[in-house]
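The values are calculated or read from the model by the stated rules, or taken from the named source; none is laboratory data. These figures come from a predicted structure and were not determined experimentally. Here the Cβ positions follow ideal geometry from the backbone for every residue, glycine too, while neighbour counts run over all protein chains shown. Just the protein is used for accessible areas: all its heavy atoms, side chains included, with ligands, DNA and RNA removed. Shrake-Rupley method; radii C 1.70, N 1.55, O 1.52, S 1.80 Å.
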Amino acid sequence: MTYKIAVLPGDGVGPEVVAQAVKVLRWAEKATGHRIILTEYDAGGAAIDRSGTYLPEKTLSGCIESDCVLFGSVGGPKWDMLPGGQRPEQAVLKLRKELKLYANLRPARLYPEMAGSSPLRQEIVENGFDLLIVRELTGGIYFGEKGSEQTAEGVRAYDVEQYSEAEIRRIARVAFEAAVGRRGTLTSVDKANVLETSRLFRRIVDCVAEEYPQIAVKHMYVDNAAMQLVRNPGQFDVILTSNLFGDILSDEASVLTGSIGMLPSASMGGSAFGLYEPIHGSAPDIAGQDAANPLGSILSAAMLLRFSLSMDEAAEAVEEAVRQVLALGWRTADMMQPGADRIGTQEMGEQVIRALNKMIRRTVSRP
Ligand code: NAD
């Protein structure tokens, strides 16, 4: 098979971390015998500097013609003076919208060897945790009617939360399918004691649950979910939730793993096409210093191999290589712990490749 991947490194640390993810994709090409064609396109501030717009037509059509997109990060102080609608950050929002990517998958995994980096007490995280947040990405309050108006009591502003049955059903299916491939439990998070949209969300999730009798389903209010995440993150497998709640809970979950630089994400739209990016931004404070943690980008490449290229074994090998590198004590600055060895972005990429090469004989692609 030949696969086409659009690579959008973007700004700040984006190009540095994406370069390490590309090494992993090159490894997967060799290990599986499939051909992977990587084509780089401008996005964000880099695209504004070169062609005056954050998402040139060539970039968008390049993404549409590819099997998937590997994205770095966009934005930085250089472009902060631009009006909101012209800022580099619009690139990723426009891509999600144009590519109809309605499901955001954010795994948050704390490897036991990283427990010391978590802000949670050791007895809570000594065994690590491994959860997946499935967040609806193109509906809800972020996309509902919004505005502000002058009233007798001063300005009144509003944002309308709205969901259709179809929108809830399709994101619920993504979450149930994910649960089938994991530990088989799903927590649906809402605010059904107060919100009408949440009551509909709960009703549709229960309907979809009938198609998946093997999955244990639990409903949880979002305030309780926020608390349970810090009390006992190990209780969660798949968390399904709306756009707004998912935005907040996934950032909370990310910080529990010790470093924002570790976490990958995938945005999907009901097919094998996806956009893969680390959850962090362009980190301008450390850009160009070979100091960024590339593991979020490398683990995003693993998700790409699994969901868009059906290379499950290669994806597992990448995740296992990351675990081994951490177990050996290699850390970038953001993850440093007493007794660990500090290395830079490129060396971290090399260490992952070294670990993969040791496994190469065991790794084959799925036909
Ligand atoms: P950020 O995620 O870039 O950085 C927050 C903190 O985490 C910083 O201290 C940074 O050094 C650190 N950090 C981030 N990634 C790291 C990594 N891989 N390794 C080690 N440390 C890392 O968030 P911010 O500072 O709020 O935003 C910076 C810029 O990025 C802004 O322009 C923002 O709009 C943009 N941004 C882009 C995206 C995206 O492209 N999807 C997402 C979030 C923020």
Going residue by residue through the stretch 190-199, is there one that turns out to be touching an Asp or Glu at 6+ places or on another chain (Cβ under 8 Å), open to solvent by less than 10 Å² (accessible area, probe 1.4 Å) and either closer than 30 Å to LEU8 by Cα or modelled with pLDDT of 95 or more (or both)?
yes
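Between GLU161, GLU149, GLU153, which is open to solvent by 40 Å² or more (accessible area, probe 1.4 Å), over 27 Å from ARG183 (Cα atoms) and in contact (Cβ under 8 Å) with a residue 24 or more places away in the chain?
GLU161
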For the stretch 4-23: of the residues being open to solvent by 10 Å² or more (accessible area, probe 1.4 Å) and more than 20 Å from LEU95 (Cα to Cα), which is nearest to the ligand (Cβ to nearest atom)?
GLU16
Selection status of LEU304, within 11 Å of the ligand (Cβ to nearest atom) and either on the phi > 0 side of the Ramachandran plot or at pLDDT 95 or above (or both):
no
For the stretch 229-253, give me each residue that is in a helix (DSSP H, G or I), open to solvent by 10 Å² or more (accessible area, probe 1.4 Å) and out of contact with any Asp or Glu (no Cβ under 9 Å at 6 or more places or on another chain).
ARG231, GLN235, ASP247, ILE248, ASP251, GLU252
Filter result for ALA103 (farther than 12 Å from PRO233 by Cα and modelled with pLDDT of 95 or more)
yes
Any idea which residue in the stretch 65-91 is farthest from the ligand (Cβ to nearest atom), counting only those that are in contact with a helix residue (DSSP H, G or I) (Cβ under 8 Å, 6 or more places away or on another chain) and of a type in the set (A, V, I, L, M, F, W, C)?
CYS68
Can you confirm whether SER300 is under 24 Å from VAL7 (Cβ atoms) and out of contact with any helix residue (DSSP H, G or I) (no Cβ under 8 Å at 6 or more places or on another chain)?
no
Those residues that are within 15 Å of the ligand (Cβ to nearest atom), more than 13 Å from the chain's Cα centre (by Cα) and either open to solvent by less than 40 Å² (accessible area, probe 1.4 Å) or assigned by TED's automatic domain parsing to the domain that holds ASP190 (or both), I need them from the stretch 257-288; list them, please.
THR257, GLY258, SER259, SER282, ALA283, ALA287
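Looking at this structure, is GLY33 more than 12 Å from the ligand (Cβ to nearest atom), at positive phi, surrounded by fewer than 23 Cβ atoms within 10 Å (Cβ to Cβ) and in contact (Cβ under 8 Å) with a residue 12 or more places away in the chain?
Working: more than 12 Å from the ligand (Cβ to nearest atom): yes; at positive phi: yes; surrounded by fewer than 23 Cβ atoms within 10 Å (Cβ to Cβ): yes; in contact (Cβ under 8 Å) with a residue 12 or more places away in the chain: yes.
So GLY33 fits the description; yes.
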